[in-house]
Structure formats: C-alpha cells, structure tokens
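Trainee: Shown below is the structure under consideration.
Derivation of every value follows stated rules applied to the coordinates shown; laboratory data play no part. Because the structure is a prediction, the values reported are computed rather than measured. Using ideal geometry, Cβ is built from the backbone for each residue, glycine included, and neighbour counts are taken over all protein chains shown.
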Amino acid sequence: MGNLSKPAILFCMRYPDDQGFVWKTIALTRDLIASHLKTFNCFIAFPVLTGKPAHVFRNMTPVELDCYGTAVGQKKEITRFVKDNSVAAIVYMSALPSTLDMKFLRSLGVMTINTENDSFDRSKTDSILLQSVKFLLRSVGKRGIHDLHIANATSQGDWLRRHAKIPSSHLAVIPNGVDCTYYQPSRKNVFEAPDAEHRRIICVGQARVEKRIEWIIRAAAKVFSQPEFLDVSFVYIGDGPMLPSWVSLANDLRLNERFIFAGRKSDLLGDYQSAFLMVHAAERESFGLAVVEAMACALPVVACRAAGPSETICHGETGTLVDIDDEEGFRLAIERYLRNPDLAKRHGNAGRQRAIEKFSISRQAEDMARVIEGKLQQSRHLQGRSLS
C-alpha cells in the first residue's frame, strides 16, 4: 500500500476501471498528476476492478472502493481506508456535494476536492432569494461545497461562481488537456486523396439527451440524398440510454450501413485518424475531450456553441461553430467541408496546432498537482503529517 510515513491522496472514479474513452483520458490525467505529487502516496479508487483496465497506472495504486457510496457499509470501508493509509485528501470526479455525505467526510478529517467534469446550462438562473441563500451557505458558512472545486474550462469556472456561488477561495480553473503525442494524424493524409473510396464523418459521446445525435442522423440523411456525396459515411461511437431511439431514427430514415453505430470503445485513435471530419451537436458541454482529441488528430470540427467547444474551437480557423438551435446551419457547415477539402485540411492542421499549444495533458497535470498540493499545504489536514 505504499510508504505509510507519507500522507496519501485518494483519487476517485465513478465507474469500473474498464469503461470508456473519456474515463481513460481522465484516468491518465490523474496518473500524470500523481507523478508530480512526490510527497504523497497516491491511490485511485474504482467501484469495481475488472482485471482488464482501460489504463495501466504507473504512479498510483488502483484500489476497489466506492467513494461515492453513502450506505453504512460503504462508509465503513472508506473510513478504514482513510485511517489505514493516512489519507489527507479525496479527489472526486463530478461529485456534487449534495450527492455525498459531506458531514461524514468532514468527520474523517480529510480535505475533499472535486474535478468538475459535468456539463452545465449557461442560461440557468435562480431567484434573488435562492442566490442569497446559496451565497450565505457557501461563501459565509462554507457549507455545500468542497474544499476545492477545479473547473475544466473558463466558462465552467464563471458558471460555478455565478450560479453555484462557489467562492473564489474554493475554486481553481484548469482547462482540460489531451495527450497530443498519442493523438496525432496518421501518416496517410486523407485530405490529399480526392479519389479516396470514402470520407467518414465521426461523432463521439455518451448516448444522453443533450448530445443530440438525432441532429447528426438527420444531417446524414440529407447528405446521403445528394449524388455528390456518395462517398460519405457517418460513424457514431458511444452508448447509453438514448441509443435505441437513435438507432430507430436511423432505421426509419433508411440510412443502413452508411450510418454506423460502433458502440463503446476505449481507444479512438484509429477512428480519428481514418476520419475526414468531426461533428459535435451537444447543446451542453463543459469541455468536450473528444473534440480536442479529434483536433489533435488534425480533424476540423463542426460543433454547436456550447460552453466547451466555444473555448476550444476557433471559429473559421480550426472548425465551425453554429448557434445552439441552428440545426440547418449545422448541416450546411458539414456540407461546406465536404465540398472544400482544402478548407478542411487547413482547419484540421490549425486545430492540431491549437491543441498542442493550449490543451496539453502534461500542462493540465502539472497545474492540477500544483493546485492540489498548494491547497493541502495551506490546510489543517496536514497538521502532524510529514511531507518529507
């Protein structure tokens, strides 16, 4: 279990260790963070260890522990682990304080930190009374909040301040990153093959309502109806509760094998490298890791102006942003790239350069390690615990 003379940091994941392309990137990020936290033993907790992890950890020890649980037995397991390993902080992922037993966690003497990975509605507002209650509880009483909230984008940080009333003393903004040394274009440049057998348009995301894959299915139907696009196909990667209805829609529109439902995958590199264009119709997106992974692979991106894509995509330079409710504009943007492969190539190459410069996973990990360690150094949670 590590050197017990050092305090520990326990990172938490919501799902079993074999799940999903997004969680694989988040797991890698935590592994890189741990590489910078030399004065701590670092663990990462999954509710289930499957024996076939999506990511093999180098700098932290995986453990089977459900840190999101609030049942009596789960609390006993958390308590035992915290005491046995001298845990100073628990780093959650997408854990609203209202979903945890914060009184119990405080009783353990640990700091709680949350990396904010959930999407949010930028238009949501509260009454003045509710805003006042939130302000009093969180800014004055320091209740209903973690010791530190780490936003994954500037717009998310603004939303947490404005809507959730998270005080600045409990908030840090560190944009997400991707591994641009792994996610990169293939040696074969599809843009330089005008006689290629097909051009594939890729869309990636969990099958949830806000992802709006139905937009992409309807766009595909109109694209397929045009003779000039006989070489075009679409592929959706992901699964979840909305998948059956989307498959049904595609069947109703008779898209057949030209719209492929590829299911859940843990590695998308080959899919990005074989694609012509990335499309992302989500109406809510706090960051959008798949968008930036695609950019790193030199794909232009068509996306709606949700919070995350509005920060990661440079409209007219690395891709095209359309208004949240402009479904026709979304389709027309796709067709514009199909009709202009040179434009697609320019925007794709510019997108890779932007990903390298702005959204490096190495930069993200260094920044998060510094913020976490700094917060712990300031806190009472390390009193009497050696950092040497």
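Trainee: Apply the Karplus curve 6.51 cos²θ - 1.76 cosθ + 1.60, θ = phi - 60°, to the phi angles in the range 236-246 and return the couplings in whole Hz, x for Gly and Pro.
Mentor: 10, 10, x, 8, x, x, 7, 4, x, 5, 6
Trainee: Can you give me the angle between helix 327-339 and the longest principal axis of the chain, using Cα atoms only, in degrees from 0 to 90, rounded to the nearest 10?
Mentor: 60 degrees
Trainee: Okay, moving on. What's the exposure ranking of Glu285, Glu317, going from fewest to most Cβ atoms within 10 Å?
Mentor: Listed from fewest to most nearby Cβ atoms, that is Glu317, Glu285.
Trainee: Of Thr50, Ile202, Gly20, whose Cα points farthest to the positive end of the dipole of the chain (charges on the beta-carbon: +1 Lys, Arg; -1 Asp, Glu; origin at the Cα centre)?
Mentor: Thr50
Trainee: Computed over the Cα atoms of the range 287-388, what is the convex hull's projected area averaged over all directions, in nm²?
Mentor: Projected area, direction-averaged: 8.6 nm².
Trainee: Here's something else I'd like to know. Take the range 190-358, drop everything but the C-alpha atoms, weight them equally and run the Debye formula without solvent; then report log10 I(q)/I(0) at 0.17 Å⁻¹ to two decimals.
Mentor: -0.99
Trainee: For Cys12, what charge total do you get from the other residues with a beta carbon under 11 Å from its beta carbon, if Lys and Arg give +1 and Asp and Glu give -1?
Mentor: +1
Trainee: So what's the angle, to the nearest 10 degrees on a 0 to 90 scale, between helix 361-378 and the longest Cα principal axis of the chain?
Mentor: 20 degrees
Trainee: Also: Which value, in debye to the nearest 20, gives the size of the charge dipole of the range 190-358 about its Cα centre, when Lys and Arg are +1 and Asp and Glu are -1 at the Cβ?
Mentor: 140 debye
Trainee: Still on this model: Which of rounded, prolate, oblate describes the range 28-124, given a ≥ b ≥ c as roots of the alpha-carbon gyration tensor eigenvalues and a/c under 1.5 marking rounded, otherwise prolate only if a/b is larger than b/c?
Mentor: Values: a/c = 1.45, a/b = 1.09, b/c = 1.33.
Judged from the Cα gyration tensor, the range 28-124 comes out rounded (a/c under 1.5).
Trainee: Just to confirm the number: angle between the C-alpha axis of helix 21-36 and the first principal axis of the chain, 0 to 90 degrees, nearest 10?
Mentor: Helix 21-36 and the main axis of the chain meet at about 40 degrees.
Trainee: I need Phe261, Phe40 ordered by Cβ neighbour count within 10 Å, fewest first.
Mentor: Taking fewest neighbouring Cβ atoms as first place, the list is Phe261, Phe40.
Trainee: Could you run the Karplus curve 6.51 cos²θ - 1.76 cosθ + 1.60 with θ = phi - 60° over the range 343-354 and give me ³J(HN,Hα) per residue in whole Hz, x for Gly and Pro?
Mentor: Along the range 343-354, the couplings run 5, 4, 5, 4, 5, x, 5, 5, x, 5, 4, 5 Hz.
Trainee: A further question on this structure: Nearest 20 debye, what's the magnitude of the dipole of the chain about its Cα centre given +1 on Lys and Arg Cβ and -1 on Asp and Glu Cβ?
Mentor: 1420 debye
Trainee: May I pose another question? For the range 303-352, what is Rg from Cα atoms divided by 2.2 N^0.38 Å, rounded to two decimals?
Mentor: So the range 303-352 has a normalised radius of gyration of 1.09.
Trainee: Do any cysteines in the chain lack another Cys Cβ under 4.7 Å, and if so which?
Mentor: Taking the Cβ cut-off of 4.7 Å, the unpaired cysteines of the chain are Cys42, Cys180, Cys203, Cys297, Cys304, Cys314.
Trainee: Follow-up. Work out from phi, with θ = phi - 60° and the Karplus expression 6.51 cos²θ - 1.76 cosθ + 1.60, the ³J(HN,Hα) of each residue of the range 270-286, listed in order in whole Hz, and give x for Gly and Pro.
Mentor: Each residue's phi maps through the Karplus curve to give x, 5, 4, 5, 9, 8, 9, 7, 9, 10, 8, 9, 4, 8, 10, 7, 6 Hz.
Trainee: Below 8 Å between Cα atoms, with a sequence gap of 6+, how large is the relative contact order for the range 190-358 in percent?
Mentor: Relative contact order for the range 190-358 comes out at 23 percent.
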